[in-house]
Each structure stands twice: as C-alpha cells, then as structure tokens.
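One structure, as structure tokens, below. Some questions next.
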Amino acid sequence: MESKFFTFIKPFLNYVDSGNFFRKPISWLYALIAGLNLLLPIFILYQAIDSGVLNSQNYAYIREIEPGIYIKTIIVFIFSFLIISVVSWLGFQLWWDRRSKVNQTSDEGAEFVATPVISHIVQTFGEWLGMWVAIVGFSTSLLTALLMGNYGSGFASSLGIGMFDSGIYGIFLMPVIGFLIIVIFRFFAEFFKALTSIANNTRKQLKFFNPEAHE
C-alpha cells in the first residue's frame, strides 16, 4: 500500500529525468517555428501594403525630383520579396531538420538533460538569425543603394524589417554581423555542451569507482 501511494508519480519523474520531458515539447516548438517561417513572406507583403510603399500616390512629389523612383521601388520590392521568400524557405528547412536532431541531444542515462536542449536552441537560433541578417540585410542594402539611392532610407522599415535599414553600410556590415552572430551563438552552444559533457563523464567515473555512493 505504501509503495503505490507514495510512488505512483514515479513513472512521470522517470520520464522527466530521461530528458524526453524537455526534448519532445522543444521538437514541437521547432516545428511551429518552421511553419512560421513560411508565413514570413505573407507578413512582409502585408507590411508593404499597409505602409503604403507600393502606393504610387505616395510618390507624387518625389517624381518631380527623381523620375522613375516608383518603378525602382517596385523593382526593389519584387527582388527583396523573392529573396525573403527563399530565406524563409531555408529557415523552414533549418528548423524542420533540427526538429528531429533535438531528440538526440543527450544520451540515455545522462543526468544533465535540459542543458543540451538549451544549447541546441541557442545554436539553431543563431544560425537562423545569422542567415537572415547576412542574406536579407546584404540584399536589401545592395538593392536600395543601387536603385533608390538616398530615397531607399526607410524602405526596410516599411517592410517590417527595420533592423536591415542600414543604407549602403549594410552591404559590408550585414554579412559580417551575420557571420559573427552564427559564430558567437555557436560558441556559447558548444560551451554549454562541453560543460554538460564534462559533468556527465565525471558523474559516470565517480559512479564507476564508488557505485555505492550513487545508488
């Protein structure tokens, strides 16, 4: 009677300790984020329409100073939208691929199971963010600088991605920043992995030499 009354929660605790309690929901979160990546182009299109960047009437005064600016803006938007769509598809593939790999972040019987999951999230997010900054940031900066000149200021903000509104400097800065984001996030992810690996290996060695103390 005592064993049933006081240990009925044990299966749940074993499930938590195995790491599946952390890995399974995170894999579902990865799938959700992957799906959201496919919706990003729709969000960009909505922002462009809502901001009026595609409305020819908003360029009535500028046309007198810069003829053809509206056509150039449309061209920049089309190419930017295509690039964003491609990067969104790459982002979907990244999160979807890592969705299955997050279930392999820790070995059976490992004591530290949450830290490898967090490490995996940090690495994946860094790769995703770095890819966006490097590709989209570089592309929008290049397109606006070549076709819109000074009138390209604020174009990225009108699409809801104001972080890429860096002008001509973004052509050089965005790829570097994107690369650094990937490297830095990867460094912290591997740092967490190393600490967890050391801790788990130390525990196994202590258990091997002194099994009674770890029963």
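A short reminder: the numbers here are calculations on the coordinates, not readings from a lab. This one's a predicted model, so the numbers in the text were calculated from it and none came from an experiment. Cβ placement follows ideal geometry from the backbone for every residue including glycine, while neighbour counts extend to all protein chains displayed.
Between Tyr169 and Leu129, what length comes free when the chain is fully extended (0.36 nm per residue of separation minus the Cα-Cα distance, one decimal in nm)?
Values: separation 40, 0.36 × 40 = 14.40 nm, distance 1.91 nm.
So the extension gain works out to 12.5 nm.
FRET efficiency for Ala114 and Leu90, Cβ-Cβ distance as r, R0 = 22 Å, nearest 0.05?
Values: r = 29 Å, r/R0 = 1.30.
Step by step, r from the Cβ atoms, then E = 0.15.
While we're looking at this one, here's another question. Give me Glu127, Glu66 sorted ascending by neighbouring Cβ count inside 10 Å, so fewest comes first. Intermediate results must be reported in sequence, preceding the final value.
Numbers: Glu127 20, Glu66 14.
Least to most surrounded, the residues fall as Glu66, Glu127.
Among 128-135, 33-40, how do they line up from the highest to the lowest mean number of other beta-carbon atoms within 10 Å?
128-135, 33-40
Follow-up. To the nearest 0.05, how large is the calculated FRET efficiency for Ser153 and Leu29 if R₀ is 30 Å and r is the Cβ-Cβ distance?
Calculated transfer efficiency: 0.25.
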